[in-house]
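Undergrad: One structure is given below, represented as structure tokens, and several questions about it will come after.
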Amino acid sequence: MADELLTLDAPASGVRLSVCISTALSREAASRHALAPGSAAALAQGLTAALLLAAYERARVEVQLECNGPLRGLLVDGDETGAVRGLVRVTTLEGPPRTPSPTRFDPRSLLTSPHDERAGMISVLRAPCGPQSAHRAAFPFAGADLGAALTLFLRSEREEGGEMALEVLASRDQPLAAVAGVLVAAVPGADAERARILGKPLRQGGLQAALASAEGAPSLAHALLRSLELGLPNPFSTLEPRFGCRCSRERVARALRSLGAAEVRDMADKDGGARLTCDFCGAAYEFTAAQLHHIAQA
């Protein structure tokens, strides 16, 4: 089942449906970070959410979650081209027990503690490509459903609203057997309530049931169109999701330069060089003492 993000308009129902399959890139992210199964599944949900939001907003989107559960939080960002990256604070969580056949991953034990006395926090940054300035919205995270939390963001920040559902199917042999998400919103000019009534059925098993038999994003989208009785669709856009990081040697050099000349020279003289690793993708960048002295002089 190839990764794909497919957006369809259902004019008879007045809604736009975005469906994302992100299994392969989620497995790549888990491998890059050497994640245990529970941590991998939580990150997979975050990556899928970022892809859906970026396609919906047509902008780079960053989602940061701070929670009281063992995961502690995650950070993901994606852009409108389908590139996404992310990380989790705790990489060693096994998550709930898995069965021989793929079943629904339940993130509650990772995102919440048994006696939560205060809510976590979730923030969404939207960074358009054009002259518009970036905008960040933050709000409490009191539950254990990332899709539901981001639905609250869409309802409060967008006139046309939006409903999101995220699913990971996991088995004993394959912690990321299938990863998918869906975002449904009213088309421009339509009543936001048309999408709102679809969110709960999607989050409470509708997406899971469709994903279990899907062979790809098109078949998943058409299964959802049928189950939600949305009518015949008009194709709107397609994207190929991929794990993509914006780190580079030049960015790392700028980060070193920002430490100040004295500290960079001290690093060169005492350590004989530097090795820095990107937290998002694991890429390593090495600088010799001579290169550090050159950076300090720039």
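The values are calculated or read from the model by the stated rules, or taken from the named source; none is laboratory data. Values in this document were obtained by computation on a predicted structure and should not be read as measured data. Heads up, the Cβs are rebuilt from the backbone with ideal geometry, glycines too, and the neighbour counts pull from every protein chain shown. Keep in mind that these areas ignore ligands, DNA and RNA; they rest on the heavy atoms of the full protein, side chains included. Shrake-Rupley method; radii C 1.70, N 1.55, O 1.52, S 1.80 Å.
Undergrad: Considering just Cα atoms, how many Å³ per residue does the convex hull of the chain enclose?
TA: Considering the Cα atoms of the chain, their hull volume per residue is 147 Å³.
Undergrad: Taking C-beta distances below 4.7 angstrom as the pairing criterion, name the unpartnered cysteines of the chain, in sequence order.
TA: 20, 67, 129, each lacking another Cys Cβ under 4.7 Å.
Undergrad: Same structure, new question: Rounded to whole Å, give me the distance from the Cα center of the range 186-256 to that of the range 122-176.
TA: 12
Undergrad: Here's something else I'd like to know. Ordering 1, 164, 267 by accessible area with a probe of 1.4 Å, largest first, what comes out?
TA: So the residues, ranked largest to smallest area, are 1, 267, 164.
Undergrad: Which angle from 0 to 90°, rounded to the nearest 10, does the C-alpha axis of helix 37-57 make with the longest principal axis of the chain?
TA: 80
Undergrad: Right, another one. Could you work out the Kirkwood radius for the range 46-113, taking every pair of different alpha carbons, averaging 1/r and inverting it, reported in Å?
TA: That comes to 13.1 Å for the range 46-113.
Undergrad: Which residues' amide hydrogens lie under 5 Å from the amide hydrogen of residue 187, considering only partners 5 or more residues apart or on another chain, with H built in the peptide plane?
TA: Amide H neighbours of residue 187, under 5 Å, 5+ apart: 15, 16.
Undergrad: Excluding residue 193 itself, calculate the net charge of residues whose Cβ lies under 14 Å from the Cβ of residue 193, where each Lys or Arg counts +1 and each Asp or Glu counts -1.
TA: +1
Undergrad: Using a 1.4 angstrom probe, figure out how much accessible area the range 1-47 has per residue, in square angstrom, rounded to the nearest whole.
TA: I get 27 Å² per residue for this part.
Undergrad: So, one more: Collect residues whose amide H, placed 1.01 Å from N in the peptide plane, falls under 5 Å from the amide H of residue 112; neighbours closer than 5 in sequence don't count.
TA: The answer is 69.
Undergrad: Under Stokes-Einstein, with the Kirkwood radius over Cα pairs standing in for Rh, what whole-number D in µm²/s applies to the range 161-267 at 4 °C and 1.567 mPa s?
TA: 74
Undergrad: Check which residues have an amide H placed less than 5 Å from residue 3's amide H, if you skip close sequence neighbours.
TA: Sorted by chain and number, the residues that satisfy this are 24.
Undergrad: Which whole-Hz couplings ³J(HN,Hα) result when phi for each residue of the range 133-144 is put into the Karplus expression 6.51 cos²θ - 1.76 cosθ + 1.60, θ = phi - 60°, listed in order with x for Gly and Pro?
TA: Running phi through 6.51 cos²θ - 1.76 cosθ + 1.60 with θ = phi - 60° gives 7, 5, 9, 10, 10, 10, 7, x, 10, 9, x, 9 Hz.
Undergrad: Output the peptides 259-266, 27-34 sorted from most to least packed, where packing is the average of other Cβ atoms within 10 Å over each peptide's residues.
TA: Top to bottom by mean Cβ count within 10 Å: 27-34, 259-266.
Undergrad: Further question: Given only helices, namely DSSP H runs of n ≥ 4 each adding -39500 (n - 2.57), what is the per-residue ellipticity at 222 nm of the chain, to the nearest 500 deg cm²/dmol?
TA: That calculation yields -10500 deg cm²/dmol at 222 nm.
Undergrad: For the range 1-145, with only Lys/Arg (+1) and Asp/Glu (-1) charged at the beta-carbon, what is the dipole magnitude about the Cα centre, in debye rounded to 20?
TA: My answer is approximately 160 debye.
Undergrad: Using a 1.4 Å probe on the protein heavy atoms only, what accessible surface does residue 194 show? Give it in Å² to the nearest 10.
TA: Accessible area of residue 194: about 120 Å².
Undergrad: Counting only heavy atoms of the protein chains, get the accessible area per residue of the range 196-298 (1.4 Å probe) and round it to a whole Å² value.
TA: 59
Undergrad: Taking the Cα centre as origin and putting +1 on Lys and Arg beta-carbons and -1 on Asp and Glu beta-carbons, what dipole magnitude results for the range 226-298, to the nearest 20 debye?
TA: Dipole size: approximately 140 debye.
Undergrad: Using only Cα atoms and rounding to the nearest 10 degrees, what angle (0 to 90) does helix 217-227 make with the longest principal axis of the chain?
TA: Long axis of 217-227 versus the principal axis of the chain: about 40 degrees.
Undergrad: Per q in 0.15, 0.17, 0.18 Å⁻¹, report the Debye log10 I(q)/I(0) for the range 1-141, using one uniform scatterer on each alpha carbon and no solvent.
TA: -0.82, -1.01, -1.10
Undergrad: Would you mind computing, in nm to one decimal, how far apart the modelled labels at residue 58 and residue 197 are, each placed 7 Å from Cα along Cα→Cβ?
TA: 2.9
Undergrad: What does the accessible area of residue 115 come to, in Å² to the nearest 10, when a probe of 1.4 Å is used?
TA: Roll a 1.4 Å probe over it and residue 115 shows about 150 Å².
Undergrad: Using a 1.4 Å probe over the heavy atoms of the protein chains, calculate the carbon and sulfur portion of the accessible area of the chain as a whole percent.
TA: Summing carbon and sulfur atoms, their accessible area is 50 percent of the total for the chain.
Undergrad: Hey, got the dipole for the chain? About the Cα centre, +1 on K and R Cβ, -1 on D and E Cβ, debye to the nearest 20?
TA: The calculation lands at about 300 debye.
Undergrad: Oh, and also: Mind checking which of 169, 195, 298 is farthest towards the positive end of the chain's charge dipole, using Cβ charges of +1 (Lys, Arg) and -1 (Asp, Glu) about the Cα centre?
TA: 298
Undergrad: OK, next. Among 280, 112, 237, whose Cα sits farthest toward the positive end of the charge dipole of the chain (+1 at Cβ of Lys/Arg, -1 at Cβ of Asp/Glu, about the Cα centre)?
TA: Comparing the listed Cα positions along the dipole, 280 ranks first.
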